Structure formats: structure tokens, C-alpha cells
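Encoded as C-alpha cells, the structure appears first; notes follow it.
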Amino acid sequence: MVLLGFAAISRRIEGTPLTAPLVFAAAGLVLGVEALDLVGPEVTGEQVKLLAEATLTVVLFSDASRIDLAALRRTLGLPIRLLGIGLPLTILAGFLAALVVLGDLAWPEALVLAIILAPTDAALGQAVVTSPRLPVRVRQSLNVESGLNDGICVPLFLVALAIALAEGGEIGEGLAVELVAEKIGLGVVGGVVAGTAAAVVVVHAGGKRWVGETWLQVAPLAGAVLAFGLAEAIGGSGFIAAFVGGLVFGGLRRRRGGDVLHLIEQSGAVLGALTFIVFGAVLLGPALRELTWQIGLYALLSLTIVRMAPVALALLGSGARRPTVAFLGWFGPRGAASIVFALLLLEDDALPGQTVILTAAFVTVGLSVLAHGVTAAPLAARYADWHDGQAAETPVESGDAEAQRWRLERDHA
């Protein structure tokens with residue numbers, strides 16, 4: 001019913017503060033365990049776990065396969081600064097803030113929380129990356145950052161979680177190192193195999209016209225599922241496999257075969273919608289009940305100083321003007337990847353500070369859904385007005401850049 005209702009008004013609310021994640025999370029709150037109790041799967045149940053795995057797998061594969069690495073190398077600038085400097089500094093800032101504000105957390109647990117909240121999700125402020133009024137280079141930077149940072153954070157999350165479990169005595173340090181090495185190494189193997197297989201179908205079989213148009217759309221989705229399933233079967237991380245598989249698929253395909261990503265992107269959008277409904281129904285409501293002033297303060301810091309200060313440092317010497325630095329710093333919303341990382345933490349159920357970590361993560365995502373959703377359209381318009389008036393004086397913002405296609409945007413060649 002929620003999906004049908006949103007579909008009925010989806011075009012009418014484009015460019016308004018009513019973003020899809022905000023609508024779905026709010027609907028989940030109304031229908032969830034803290035209100036009408038019509039939607040209430042067990043948080044640790046197989047349904048929620050399967051939804052989380054499917055969502056992150058599809059998003060990782062599709063996001064990675066959309067990235068044109070050659071174009072990224074030609075327009076290094078802002079995206080590389082955001083990922084190579086801004087992301088590590090954001091994790092460091094989030095880690096230090098957790099140690100200071102959430103004093104009950106051990107340092108490995110603070111690191112886990114910082115990594116959970118490091119990935120950005122541009123879908124929460126989609127107007128920012130789709131508005132044609134905004135300079136391509138700025139939209140490109142936020143788009144590429146959102147597409148790559150969740151995949152980059154997967155191995156970091158696995159390492160931090162292993163350290164936390166070892167520090168708490170749940171597993172030995174030697175076993176932690178071995179598990180992480182297996183998860184990453186075998187995950188890469190599964191991703192390379194699956195990504196190559198999907199690319200062969202699209203490029204080789206598709207080039208010989210052996211593949212029907214409908215089944216060209218199926219190939220990337222099947223590749224994502226194969227990557228996850230193969231890696232998990234041999235002891236690797238399915239999420240690392242999905243991300244690597246998407247990179248391999250996109251690199252080998254080089255846009256041959258036409259627009260073959262529409263089905264996997266639509267699937268990711270539907271799974272993302274379901275994730276936000278479940279988030280509102282069974283995660284956000286209980287988290288708000290556990291809210292303390294320390295957790296509220298950490299959520300505010302996570303969306304402001306923890307994000308904006310590292311971005312400002314990353315852009316030093318780039319030539320970006322202050323409005324651009326502020327704009328890029330503010331639009332680092334936390335969304336589906338953070339939700340899924342937090343849900344993965346539930347599988348171990350062994351960290352003493354787990355309740356604090358989960359509550360902080362869910363409250364931060366909930367605040368981000370509201371704050372970034374409401375401000376996306378008006379701040380994008382305001383920034384565009386500034387840029388239009390300063391175009392000749394902003395070479396960094398207005399320089400040539402090759403736009404990366406956003407999810408669900410069709411190519412218009």
C-alpha cells in the first residue's frame with residue numbers, strides 16, 4: 001500500500017521536501033511497532049536480514065558498475081579529495097566524537113560506529129544530484145562519492161568489527177585477522193568471477209545478438225546475486241564481492257550493450273524503499289525510545305562537524321569557493337548503507353556497547369532523512385542562484401566534467 005501510494009504521487013512531489021526516504025520512513029513509523037503495529041518483522045529475523053543483504057548487494061553492484069573509472073581519472077579533483085581525504089577524516093572525526101560524547105563505548109566500538117555512519121546516500125537529497133541547474137562538477141562529486149564510499153567502507157567495517165570482537169574476548173586476535181583476510185580475499189575472488197561472467201553475457205553474447213533485450217537487463221542483476229552467493233559459499237564477504245563485481249562488470253562492459261542497468265537500478269530503488277519502511281517500523285521507533293542527550297548530540301555532530309570539517313580540509317587548495325565547500329559538506333546524508341551495516345551488527349550480538357551503537361546509528365539516519373530531505377530542494381536552488389551569478393569567477397565549480405549517470409536516470413544520447 002505504501003509503495004502504491006507513493007507511486008501515485010511520485011512525480012507531483014519531485015523537487016519538494018517530501019523525498020522518497022522521508023515518506024517511506026514516516027510511513028514505517030506510523031505502521032510500525034510503536035504506533036499501529038501493522039508492520040513488525042523481528043529485527044533479528046530472517047526477513048530483515050534477507051532484505052538488508054539484498055538491498056546492499058544490489059546497490060553496491062549497480063553503483064560500482066555505473067562508475068566510469070576512466071572519466072574519474074580524467075577529472076580527479078573533487079571526487080578524489082572527498083573519497084581519499086574526506087572519508088578517512090570523517091571516520092576519524094566520528095571516532096573521536098564517539099569517544100568524547102559516548103563515553104561508555106570502548107575504542108573499537110567507537111570505531112565501528114564511526115564507520116557505520118561514514119557512507120553517504122545521495123538518494124536522501126536526490127534533487128542535489130539531479131538538478132540540471134547545478135554545476136556538473138559539484139553533482140558529479142556527490143554522485144561519485146555516494147556511489148563508491150559504501151563499497152570502500154565494507155572492508156573497513158569488517159576490520160573494525162573483528163577488532164571489537166577480539167578486544168571483547170569473543171574471538172582471538174589471530175582468528176580475527178584470518179577471518180578478515182578470508183572475507184576480503186575470497187570476496188574479491190567471487191566478485192571478479194561474477195562480474196566477468198555478467199560482462200561476457202552482455203558484451204560477447206549480446207554483441208552476437210544471442211541475448212534478447214529483456215535478458216540483457218537481467219544479466220547485471222544475476223551478476224550481483226551470483227557475486228554475493230559465490231563469495232558467501234566459499235567463505236568471503238558477499239558485499240565486497242558485489243562491489244568488486246560491479247567494478248569488473250562496468251570496466252569490461254564499457255557501456256557496450258546499451259542501457260542494461262535499468263532493471264537492477266529499479267530493483268535497488270524498490271529494495272531501498274522497503275528498507276526505509278522497515279527502518280521506520282521496527283528500528284527508528286524503538287531507537288527514539290532509547291534516545292539520550294548524548295546520543296542526540298552525537299547525531300547532530302555526525303551530520304555537521306564530523307562531516308563538514310573533513311570536507312573543508314579535503315578541499316583546501318582546490319580553489320573551491322566557500323558556498324561550494326559548505327554545500328558539499330552539508331550534503332553528506334546517511335541512509336541505506338548505514339542501516340544495513342547496523343543490521344549486520346545484530347548478527348554477532350556480542351558487543352557490550354551494541355545498544356548504544358545501534359541507537360546512535362538509527363537516530364542519526366532518522367535525523368538525516370528529515371534534515372537532508374527538507375533542505376535538498378531549497379538549498380540546491382539557492383546554491384544554483386549563487387553559481388549563476390558567479391559563473392565566470394568559479395572555475396572549479398564550472399570546469400569541464402563528465403557527468404556520471406544517477407540511479408534511475410536514463411541515458412539521453
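The values are calculated or read from the model by the stated rules, or taken from the named source; none is laboratory data. Everything numeric here is computed off the predicted structure, so don't read it as measured data. For neighbour counting, all protein chains shown are included, and Cβ atoms are generated from backbone atoms with ideal geometry for every residue, glycine included.
Brief remarks follow.
- Residue within region 60-78 that is among the β-branched types (V, I, T) and either modelled with pLDDT of 85 or more or closer than 22 Å to L367 by Cα (or both) present: no
- Selection within region 204-216 - in a helix (DSSP H, G or I) and either hydroxyl-bearing (S, T, Y) or buried (at least 18 other Cβ atoms within 10 Å of the Cβ) (or both): G206, T214, L216
- Of all positions in region 52-60, none carries a residue that is in a helix (DSSP H, G or I) and over 23 Å from I264 (Cα atoms).
- Taking region 116-167 as the range and being polar (S, T, N, Q), modelled with pLDDT under 80 and in contact with a helix residue (DSSP H, G or I) (Cβ under 6 Å, 6 or more places away or on another chain) as the test, only S131 passes.
- If only residues of region 348-390 that are acidic (D, E) and farther than 23 Å from V129 by Cβ are counted, the one that is modelled with the lowest pLDDT is D348.
- Pair list, Cβ < 7 Å and 6+ apart or interchain, from region 207-218 residues that are within 18 Å of R254 (Cβ to Cβ) and without any contact (Cβ under 8 Å) to a residue 12 or more places away in the chain to residues that are assigned to a helix (DSSP H, G or I) and among the β-branched types (V, I, T): V211/V201
- Put simply, of A222, A233, A181 the only residue that is more than 23 Å from the chain's Cα centre (by Cα), surrounded by fewer than 20 Cβ atoms within 10 Å (Cβ to Cβ) and within 24 Å of L50 (Cβ to Cβ) is A233.
- Residue check, A160 in contact with a Gly (Cβ under 9 Å, 6 or more places away or on another chain) and under 21 Å from L343 (Cβ atoms): no
- Test: residue in region 119-129 that is among the hydroxyl-bearing types (S, T, Y), within 28 Å of G77 (Cβ to Cβ) and touching a Gly at 6+ places or on another chain (Cβ under 6 Å): yes
- Checked against (1) closer than 18 Å to G329 by Cβ; (2) touching a Pro at 6+ places or on another chain (Cβ under 7 Å), A380 meets all criteria but (2).
- Being in contact (Cβ under 8 Å) with a residue 24 or more places away in the chain, outside any helix (DSSP H, G or I) and of a type outside the set (S, T, Y) holds for only one residue in P323, P286, P333, and it is P333.
- For region 324-347, the candidate set comprises residues that are at pLDDT 90 or above and over 20 Å from L22 (Cα atoms); within that set, the residue that is surrounded by the most Cβ atoms within 10 Å (Cβ to Cβ) is L328.
- Condition met for E178 (free of Cβ contacts under 8 Å to residues at least 60 places away in the same chain, part of a helix (DSSP H, G or I), of a type in the set (D, E) and more than 19 Å from A336 (Cβ to Cβ)): yes
- The C-beta contact set for region 18-43 (first residue under 15 Å from A123 (Cβ atoms) and touching a residue at least 40 places away in the same chain (Cβ under 8 Å), second residue part of a helix (DSSP H, G or I) and among the polar types (S, T, N, Q), distance under 7 angstrom, 6+ apart or interchain) comprises T19/Q126.
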